[in-house]
1. For residues that are among the aromatic types (F, W, Y) and buried (at least 17 other Cβ atoms within 10 Å of the Cβ), scanning just the stretch 153-196, find the one that is nearest to I256 (Cα to Cα).
2. Would you tally the residues in the stretch 120-163 being in contact (Cβ under 8 Å) with a residue 60 or more places away in the chain and under 23 Å from the mean Cα position of the chain (by Cα)?
3. Could you say which residue among P83, P90, P96 is exposed (fewer than 12 other Cβ atoms within 10 Å of the Cβ), in contact with a helix residue (DSSP H, G or I) (Cβ under 7 Å, 6 or more places away or on another chain) and on the phi < 0 side of the Ramachandran plot?
4. Mind checking which residues of the stretch 69-120 are within 14 Å of V39 (Cα to Cα) and in contact with a Phe, Trp or Tyr (Cβ under 8 Å, 6 or more places away or on another chain)?
5. Restricting attention to the stretch 173-201, report how many residues are part of a helix (DSSP H, G or I) and more than 23 Å from E219 (Cα to Cα).
6. Pick from I75, I81, I64: which is touching a Ser or Thr at 6+ places or on another chain (Cβ under 7 Å) and modelled with pLDDT of 75 or more?
Amino acid sequence: MIVSIVAGAVRGHLADGLAHSGAGALRGALTGATVCLAVLAIELFVFENDRVNRLRKLPFSVAIMLRALVYIAIILIALSIVPALISGAPVAVPRPRDVWLAIALSMLFNALVGINQLLGQGVLFSFIAGRYHRPKIEERIVLFLDMASSTSHAEHLGELRFLDFLNRFIADVTTPIVREGGEIHKYVGDEVIATWAPGNATANIRCVTACFDALRTLEEAAATYSAEFGVVPQFRAGLHIGPVVVGELGLFRLEIALLGDTMNTAARIQTACRETKHSVLVSRDLMERIAPLSSSVSALPLGRLQLRGETVRIGSRGLNKCTAIALPGPRRPSKRSVGTRRGRMDREQ
């Protein structure tokens, strides 16, 4: 908003010259604010609204061009109408330089949007700012979410149909994650890896909310999945919290990598869902830092669980073939873990 107002004020001031006592700057600032508000409204209620947005089903280049045309129209309408409303003069036809300005701004904005979609949330800014040029240790809430029975689904559907099925599944489970403030770190086959920056207890529970919103989304879309693919997807999810190493990785293809025991433990917790017959498992470390669960979610103590994997180290303590799903940092390993499930979802997904 501030950038739009300032840019509009500068453009209006330069267009009117120095003899108009700031009138051009005022018109430009109001025009910039109008454009910004209109773009925000379009983003929130159209492009980010899954119920009405069909651009995601189009090829990437086509979607970007259509988006650019919408923004060009918004900018040109604002440049024509706002000054007329302020001055009381008739609405003027956009000047050629205004058309070129609208095209340039629209293409720049949509290029940034497209790059951000390709790289992932916040990755472009992190690269530009050099935030992770040197590795850092940050605390993150980590989610590993994996489609259940993906191998049998692939055999049933065939490779081409399975990719369509997987893409639909990814879209359905990703939307609640992003809505609840999660950042999609990576898609690995049929697995989604997401993270949250820890906050207070109310903020931290959003990761659990995202998982059960994703389950509800799949339940609501069950009839559509059955009609189109003949199967309804389910998933297993593991949640954990702890320190991770974050840094740039790669040479010809850069990415922001997350490494460390927290990532490994979250992946093993997700794998344990198969054995415990729960859709969602949450480590005790995380359970201790989230708000009380809603009435639709029950937390069941599962005792000590054997997690698959090599030695897991937490601080200065090492556990050989980790025997507890809760790994409480530098304290003594807990004997409890918590499995969360929704209603009667205690059967294997």
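The values are calculated or read from the model by the stated rules, or taken from the named source; none is laboratory data. Being a predicted model, the structure only gives us computed values, none of them experimental. Virtual Cβ from ideal backbone geometry, glycine too; neighbours counted across all protein chains shown.
1. The extreme case among them is W196.
2. 22
3. The unique qualifying residue is P90.
4. If the condition is that a residue be within 14 Å of V39 (Cα to Cα) and in contact with a Phe, Trp or Tyr (Cβ under 8 Å, 6 or more places away or on another chain), then Y71, A102, L105, S106, F109, N110 are the ones that fit.
5. Total meeting the criteria: 1.
6. After applying the criteria, what remains is I75.
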